[in-house]
Structure formats: C-alpha cells, structure tokens
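Read through the structure below, which is laid out as structure tokens, and then see the notes.
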Amino acid sequence: MAPNDTLIAAGFADPVFQSQGAFRALLAALSEPGLACDLGDAIVPPAGLEAATAVALLTLADYETPIWLPAALRDGPAGAWLRFHCGTALVDDPARAAFVMIDGAAPEPRLAAFNAGDDQFPDRSTTVLIQCAGFEGGEAVTLEGPGIAGQRSIAPIGLRPGFWAEVEDNAAVYPLGVDLLLVHGAQVLGLPRSTQIVGTR
Amino acid sequence: MTVHQNITDETRPAYNYAYLDEQTKRMIRRALLKAVAIPGYQVPFGSREMPLARGWGTGGIQVTAAIIGPDDTLKVIDQGADDTTNAVSIRRFFERTADARTTEATHEATIIQTRHRIPEAPLKAGQIMVYQVPQPEPLRKLEPHETETRKMHAWAEYGLMQVKLYENIARFGEVTTTYDYPVMVNGRYVMAPSPIPKFDNPKMQMSPALQLFGAGREKRIYAVPPHTSVRSLDFDDHPFRIQSWEQPCALCGAADSYLDEVVIDDQGGRMFVCSDSHHCETRRADGHRGAMLADASALHLVEDEAKP
C-alpha cells in the first residue's frame, strides 16, 4: 500500500447543514422517481466513489447501518474513508448491508442478492447506490407509479445488460424489494421499489 | 460535532440546530426515505424525548426537525388555525432552535406542520406536509395486538376494516366515521390519514405535495409521495362522501371550506366559521363578507378589512 493510500480525505466541512441539504435532495429523488437531483460538490470523494455516493453515505450511514462495497473499494481508500467518517461496518455479505454501492456495468452482484426486507418489515431492505456513466443517452425506459404524474422517461447509460429486467423483478415483489439510487457525478436519480417500468421489451 | 461555548449567565443551552442531534436526524431520515419508498407503510423509528409531552405533536416535530433547513419557510397549524396554542408553541420552538423563517401564508410555506387539517388553499409541488399523528395504526381499534395488525398489513388482510364500515352502514345507514377516515394508499396499504376531517381526504389524492406523517408516542413514520393514489375506503353502493354545511362561513362567506361550529350565547345562537384561519382572512381581505362579519368586527373579534 502506497503511503498516500492511508491518508483519509476530509468529509463534510459543515456536517449539520451539508447533510441537511443532501438529505432533502435524496428525499426529493425518492419521492419523485426518475428526476435527477443534485447533492452538491461539497466534498472530494475518495477514489472509486462518485461525489453523490460519498455525500449520500455521509448523510445517511452510521454505526447502525452496515455497508457493502465491491472488494477492491472496501479494502482501498473508499473503505477507510467510510469507516472513519461514518463509523460504519463494512460487511462481506451483501444481504446484510443497509447500504450498498455497485458499479452499474459490473455483472455482479445482482439486485436479488441484496436484502428485500420481509413481509412484516419491508423497510428493513437494502438501499442500493448504482454508479452509472450518465443519465442520458442510454436505453430509454418509461416509469410510472407514486411520485410520478402520469409517466416519466429516463435513459441512463452504463448499466449492465438485463438491468431493467432486474428492476422489473424488484418492482414485482412490492411492497418488498430494494430501493435504487442511480448515481452520476454529484447527481442522484431515485428508483424506489414502488416505481413500475412500463413495457420496454 | 462538539459545540464549544463559554458558560455564562446569559448563555442558552447549546442545542444542535433544530434541537435533535445528528445521529437521531440520520435515523429519522433513513426512516423517511423508506417510508417514501413504501407509501402508506408505517416505518418504526426511535422516537426521542422532546421538550413537550407526547401527544402534543412530538412525532411531527421530530419529522420537521429532521428535514428543516435554512432555506425553508415553516407554517404550523392546529385544527386549521395558525394562532392556537399548539401551533404557536411549535412555531416558536423552531424559531428558537432552528432560527426558522415562519409564515401563516399557505403558498409561502415550504414545510407545513399540521395538527388535524389540510389547508384549503391548494398545495403546490415542492411543499412538504408534516402531519402530527396520535394513532398511526388504522386497525388498532379493531385489533389491539401489534403482532396481529403487522400481519394484517403484511398480507393485506383488510376485511375487518370493510366489516366495520359495513356494520356502520347496517346500523346507521351511512359510514359514521367523520375524521381519521381510513384510506388505501397506492392500492396496497390501509393508512390512517391522522385525525383530519374526512372533508380533507380528497385533498390527499394525487396531491402534488409530499406528505409525511410522524407519530411520536407510537414511534412510527409514514409517507405519501406526490401524485400517489389515496382512496377513501367505501362501497360501490355507498360511495365516500365528505361533510357539507347548510350555510356558508359567517365571516368570509366561503361555501366550499371546512366550517367549525361556534356557540355564541346561551340562547342557542351559533355561527359557522372557516377552520382554516389564513384562508378566511385572505378571503376577507379580498372583500368577501359573511353574514356576521359586521357584528364580529364591532366586537373586535376580527378585523373587517373592507370597513372604511
């Protein structure tokens, strides 16, 4: 490990107000699915995390919420950064995590690998942050459901083949299921389990 | 974060912004995000002791404290009115602890904390309603055990609620529930809309505003995102109906708002006035005059804007 890898970059300069602002953006993202919301560029994220991923985890994660990251990130600066700033446990089993971050293009793990909650406590499910290459230029999908007046179309790019089929499978087990946040740069786009994909295939 | 300060006689206690500590806010925020993702489902949360008694809006206050920021304008209403005890004290709480900008105007507010009413003025996209909820479980009066109601929600076993409504109709000819009238959210969860009059239920249907519900004593948070189906339970041959009155508001003449009955003497005299105080004031300022406005104004009970 090179010496610089052990340096942990700064978190929020003003935790109270930066986390409040970021939370409102996350709340807007999940209450209006498909709408890109800006989490700001207040911090420099560690290598491997997009700015919005880092801000979202800094805002929501703490010692009560285990996080799962791809092994390369977990053992690198991103893992050290999250352990230090959030005091969170980084777990090996994706099904045990409250928050996970995955690369949208990576074939594994699949959405079904995470905790979908149980019928009496569907809120105990995983929130999945998916880093993708952008919110425009990909395969167009049409969304409908709570938070959407009529329908809304999105076209994020840099997602693995079959991703939308996985999202449909996730929505099919509503009210169970994981809640997704697509991340690119400082922006997030919410896809809660309540959002239905209108026939693309 | 450590708050450094010198202890002097004039120093107020060093509360965090909006009273709650950051770890508590994170816990409430996580519950709110899950609540929004599962509309109508009651998310358990670690309700904290607040500096007022449970039952006085501690759930709503904790939700507001977790979401409020410097860009927000807060309106607080109690039974529709901005100037009643609960509303005044909660508004002052956030003015003190969060340096909050407050308003009585519905259209200026970004967060509206409410006890038992939805304002008459239509809500807009971007506004957040925060409801104070005494009993979040719509099935509680039918089934006292939490273990059982949890299963009923899990399996969408809502027959008992339909039977209750049916028995109402069988005995009285109509559903006699007039407030906290149960609703079906997003076609899945039966939800208590908090003790708002059933008059307000249709305002929740496909509302452009985000609606958050906090029950402090019962430790539950739930939510209805914007543009979400909120259907009041009814039967095909006994459709849901809201209250109506035979006379308009005695002060502003509104015929389409929720009216409170006010007893004015011991001779059986009474008047009906808007429960939404800001709505009524706005209408009077616009020149609408009810039948008893001149009398009320002469007694200095209200200001008559139109008077020379």
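Taking region B:47-64 on its own, how many of its residues are open to solvent by 30 Å² or more (accessible area, probe 1.4 Å) and either out of contact with any Lys or Arg (no Cβ under 8 Å at 6 or more places or on another chain) or not basic (Lys, Arg) (or both)?
Within region B:47-64, residues that are open to solvent by 30 Å² or more (accessible area, probe 1.4 Å) and either out of contact with any Lys or Arg (no Cβ under 8 Å at 6 or more places or on another chain) or not basic (Lys, Arg) (or both) number 7.
Give the residues of region A:14-23 that are touching a helix residue (DSSP H, G or I) at 6+ places or on another chain (Cβ under 7 Å), crowded, with 21+ Cβ neighbours inside 10 Å and over 13 Å from residue A:181 (Cβ atoms), sorted by residue number. It would help to see each step written out before you state the result.
Step one: of region A:14-23, the residues touching a helix residue (DSSP H, G or I) at 6+ places or on another chain (Cβ under 7 Å) are A:15-16, A:19, A:22-23.
After this cut, where a residue has to be crowded, with 21+ Cβ neighbours inside 10 Å as well, the list is A:19, A:22-23.
Across region A:14-23, the qualifying residue is only A:19.
I need the full set of residues from region A:25-51 which are closer than 25 Å to residue B:209 by Cβ and more than 14 Å from chain B (Cβ to nearest Cβ), in order please.
Residue satisfying the conditions is A:36 alone.
Filtering region A:127-149 down to residues that are closer than 20 Å to residue A:184 by Cα and within 14 Å of another protein chain (Cβ to nearest Cβ), which residue is surrounded by the fewest Cβ atoms within 10 Å (Cβ to Cβ)? Give the steps one after another, and end with the answer.
Taking region A:127-149 and keeping what is closer than 20 Å to residue A:184 by Cα, we get A:127-143.
Adding the requirement that they be within 14 Å of another protein chain (Cβ to nearest Cβ) leaves A:127-129, A:143.
Working: A:127: 28, A:128: 23, A:129: 24, A:143: 20.
The extreme case among them is A:143.
Looking at this structure, is residue A:124 within 20 Å of residue B:32 (Cα to Cα), among the basic types (Lys, Arg) and within 14 Å of chain B (Cβ to nearest Cβ)? Quick ask: steps written out before the conclusion?
Working: within 20 Å of residue B:32 (Cα to Cα): yes; among the basic types (Lys, Arg): yes; within 14 Å of chain B (Cβ to nearest Cβ): yes.
In short, yes.
Quick check on my filter: what residues within region B:215-228 are within 14 Å of another protein chain (Cβ to nearest Cβ), open to solvent by less than 10 Å² (accessible area, probe 1.4 Å) and within 17 Å of residue B:180 (Cα to Cα)?
Going residue by residue through region B:215-228, those that are within 14 Å of another protein chain (Cβ to nearest Cβ) are B:219-228.
Those left that are additionally open to solvent by less than 10 Å² (accessible area, probe 1.4 Å): B:221-226, B:228.
If the condition is that a residue be within 14 Å of another protein chain (Cβ to nearest Cβ), open to solvent by less than 10 Å² (accessible area, probe 1.4 Å) and within 17 Å of residue B:180 (Cα to Cα), then B:221, B:222, B:223, B:224 are the ones that fit.
Output the number of the condition that residue B:204 fails; it satisfies all remaining conditions of (1) touching a residue at least 12 places away in the same chain (Cβ under 8 Å); (2) surrounded by fewer than 22 Cβ atoms within 10 Å (Cβ to Cβ).
(2)
In region A:151-168, which residue that is out of contact with any Asp or Glu (no Cβ under 7 Å at 6 or more places or on another chain) and exposed (fewer than 14 other Cβ atoms within 10 Å of the Cβ) is farthest from residue B:228 (Cα to Cα)?
Looking at residues that are out of contact with any Asp or Glu (no Cβ under 7 Å at 6 or more places or on another chain) and exposed (fewer than 14 other Cβ atoms within 10 Å of the Cβ), I get A:161.
Is it the case that residue B:108 is open to solvent by 30 Å² or more (accessible area, probe 1.4 Å), without any contact (Cβ under 8 Å) to a residue 60 or more places away in the chain, assigned by TED's automatic domain parsing to the domain that holds residue B:31 and closer than 21 Å to residue B:22 by Cβ?
no
Please verify whether residue A:11 is outside any loop (DSSP other than H, G, I, E, B) and either within 14 Å of another protein chain (Cβ to nearest Cβ) or open to solvent by less than 10 Å² (accessible area, probe 1.4 Å) (or both), treating the condition exactly as stated.
Values: outside any loop (DSSP other than H, G, I, E, B): no; either within 14 Å of another protein chain (Cβ to nearest Cβ) or open to solvent by less than 10 Å² (accessible area, probe 1.4 Å) (or both): yes.
Considered against the rule, which asks whether it is outside any loop (DSSP other than H, G, I, E, B) and either within 14 Å of another protein chain (Cβ to nearest Cβ) or open to solvent by less than 10 Å² (accessible area, probe 1.4 Å) (or both), residue A:11 comes out as no.
Out of region B:191-224, which residues are over 22 Å from residue A:149 (Cα atoms), aliphatic (A, V, I, L, M) and in a strand (DSSP E or B)?
Hits for region B:191-224 are B:215, B:221.
Out of region B:135-179, which residues are under 23 Å from the mean Cα position of the chain (by Cα), surrounded by 15 or more Cβ atoms within 10 Å (Cβ to Cβ) and assigned to a loop (DSSP other than H, G, I, E, B)?
Passing the criteria: B:135, B:136, B:137, B:138, B:139, B:175.
Taking the criterion of being open to solvent by 40 Å² or more (accessible area, probe 1.4 Å) and under 19 Å from residue B:28 (Cα atoms), would at least one residue in region A:35-56 satisfy it?
no
List pairs: first residue in region B:146-163 and within 14 Å of another protein chain (Cβ to nearest Cβ), second residue among the acidic types (Asp, Glu) anywhere in the structure, Cβ distance under 6 angstrom, at least six positions apart or on different chains.
B:149/B:137; B:149/B:143; B:154/A:119
Based on this model, can you work out whether residue B:167 counts as over 28 Å from residue B:86 (Cβ atoms) and either within 14 Å of chain A (Cβ to nearest Cβ) or without any contact (Cβ under 8 Å) to a residue 60 or more places away in the chain (or both)?
Numbers: over 28 Å from residue B:86 (Cβ atoms): yes; either within 14 Å of chain A (Cβ to nearest Cβ) or without any contact (Cβ under 8 Å) to a residue 60 or more places away in the chain (or both): yes.
Criteria met by residue B:167.
Only residues in region A:80-108 that are within 14 Å of another protein chain (Cβ to nearest Cβ) count as the first member; pair them with residues that are modelled with pLDDT under 95, Cβ under 7 angstrom, at least 6 apart or cross-chain, and list the lot.
Matching pairs, first to second residue: A:85/A:11.
Go through region A:109-126 residue by residue and tally those that are outside any helix (DSSP H, G or I), in contact (Cβ under 8 Å) with a residue 24 or more places away in the chain and open to solvent by 40 Å² or more (accessible area, probe 1.4 Å).
Filtering region A:109-126 for residues outside any helix (DSSP H, G or I) gives A:109-110, A:114-121, A:125-126.
Subset that is in contact (Cβ under 8 Å) with a residue 24 or more places away in the chain: A:110, A:114-119, A:125-126.
Imposing the further condition that a residue be open to solvent by 40 Å² or more (accessible area, probe 1.4 Å) reduces the set to A:110, A:115, A:118-119.
Counting residues in region A:109-126 that are outside any helix (DSSP H, G or I), in contact (Cβ under 8 Å) with a residue 24 or more places away in the chain and open to solvent by 40 Å² or more (accessible area, probe 1.4 Å) gives 4.
The values are calculated or read from the model by the stated rules, or taken from the named source; none is laboratory data. In this text, all values refer to a predicted model and were calculated from it rather than measured experimentally. Backbone-built Cβ (ideal geometry, glycine too); neighbour counts: all protein chains shown. Heavy atoms of the whole protein, side chains included, go into the accessibility calculation; ligands, DNA and RNA do not. Shrake-Rupley method; radii C 1.70, N 1.55, O 1.52, S 1.80 Å.
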